[in-house]
Amino acid sequence: MNGSGMQRTVVPASAERDGARRTLAVVSTQGSAGDALAGVAALPGVFEAVEAARGAVDGLLRELMTPRLRVLGPRLTAESVRRGAQASCALEGEEWDLEQFRPPFPPSPQGTPRPVAPAALRVTTESGALAEVWGRAPLQALARLHALAAAGIVPEPELGRPRPAPGVSERLAALAEVVVAPSDVPAVVLAGVVQGELLAVEAFTWGNGLVARAATRLVLVSRGVDARGVSVPEEGLRQLGRARYQAAAQAYAAGTSAGVGAWLQFVAQAVALGARAGRAVAEELAEAADPA
């Protein structure tokens, strides 16, 4: 495992460089960065999946305007964040009972520390607070997310810093250009590209999956798709299955149009499922507040 929840595929260095170049070619060599996203969004099946995802989130937000659910306010956001962190932790291979998933996190039954759970909660919680930073300085936001995720796990000089491997910093810089470029492309597409790139490049020495999924939540918040952070896209990914998640991410990393398109459809489906998960959280909280 590489700290991203993904099994790293070992390939010759030359093949790895070519794979990275092909992935970025899909994203950033079609003119401007905004044009690149438009090209990715036009891949077969992506538009329909993204429309379904946006419709699911919009449906959730409409339901939350009803008097029964409107009163939930920040409690709903906090609980959705906690559920998202638990799901992100599970995608790293560390399963927790929901009731136990809260600080202080106990060690395993064997007495060994389980650092992923507190890391997942820290990074998922912070994602909503970085919306303004993300829009103008995405690399600064990513550094903050990693510093939170890996605190106490990696040496301090590594916190928030890209891996010192050829091409990593350059690829992150290219991704940042895509993020800040003006574009009318749906935020769900951008969220998928951001997560796919962070997983593919393995940007940091630990916690890449946690950071990538928090960044997806951050895109949805900052672009106004889910400004309150009440949906649970991480739970959508978990419902689709860890093995399918890994396979879809590896298809994106291969850099083919088919692989990128399949990944974006996968992420869009997770966003739709995450909206349904957010609705379930809201219903649970409402019933607990008014059991009658």
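The values are calculated or read from the model by the stated rules, or taken from the named source; none is laboratory data. Note that this is a predicted model, so its numbers are computed, not measured. Neighbour counts run over all protein chains shown; Cβ positions are idealised from the backbone, glycine included.
A residue that is surrounded by fewer than 22 Cβ atoms within 10 Å (Cβ to Cβ), touching a residue at least 60 places away in the same chain (Cβ under 8 Å), more than 26 Å from GLU132 (Cβ to Cβ) and of a type outside the set (A, V, I, L, M) can be found somewhere in the range 225-242. Return yes when GLY59 is within 20 Å of ARG279 (Cβ to Cβ), at pLDDT below 95 and assigned to a helix (DSSP H, G or I) and no when it is not. No. With crowded, with 24+ Cβ neighbours inside 10 Å and either within 27 Å of PRO164 (Cβ to Cβ) or touching a residue at least 12 places away in the same chain (Cβ under 8 Å) (or both) as the only criterion, which of ALA282, ALA248, ALA289 stands out? One residue alone meets the criteria, ALA248. Consider ARG223 carefully, then state whether it is charged (D, E, K, R) and within 27 Å of VAL154 (Cα to Cα). It is false that ARG223 is charged (D, E, K, R) and within 27 Å of VAL154 (Cα to Cα). Output the residues belonging to the range 167-189 that are buried (at least 19 other Cβ atoms within 10 Å of the Cβ) and of a type in the set (S, T, N, Q). Within the range 167-189, just SER183 meets the criteria. The sole residue among VAL260, VAL271 that is surrounded by 17 or more Cβ atoms within 10 Å (Cβ to Cβ), of a type outside the set (D, E, K, R), touching a residue at least 40 places away in the same chain (Cβ under 8 Å) and under 13 Å from GLY84 (Cα atoms) is VAL271.
Residue by residue, here is whether (1) out of contact with any helix residue (DSSP H, G or I) (no Cβ under 6 Å at 6 or more places or on another chain); (2) over 13 Å from VAL57 (Cα atoms); (3) of a type in the set (Gly, Ala, Ser) holds:
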{"position": "ALA200", "(1), (2), (3)": "no, yes, yes"}
{"position": "ARG213", "(1), (2), (3)": "no, yes, no"}
{"position": "THR216", "(1), (2), (3)": "no, yes, no"}
{"position": "VAL221", "(1), (2), (3)": "no, no, no"}
{"position": "GLY224", "(1), (2), (3)": "yes, no, yes"}
{"position": "ARG228", "(1), (2), (3)": "no, no, no"}
{"position": "GLY236", "(1), (2), (3)": "no, no, yes"}
{"position": "ALA243", "(1), (2), (3)": "yes, yes, yes"}
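For the residues GLY196, GLY209, GLY192, the requirement of being buried (at least 24 other Cβ atoms within 10 Å of the Cβ) and either without any contact (Cβ under 8 Å) to a residue 12 or more places away in the chain or touching an Asp or Glu at 6+ places or on another chain (Cβ under 8 Å) (or both) singles out GLY209. The selection criterion, being touching a Gly at 6+ places or on another chain (Cβ under 8 Å) and either modelled with pLDDT under 95 or farther than 18 Å from HIS146 by Cα (or both), holds for SER80. The residue list ALA119, ALA56, ALA129, ALA143 contains one member that is farther than 25 Å from ALA187 by Cβ and of a type in the set (A, V, I, L, M), which is ALA119. Among the conditions (1) under 15 Å from the mean Cα position of the chain (by Cα); (2) within 21 Å of TYR245 (Cβ to Cβ), the only one that GLU94 does not satisfy is (1).
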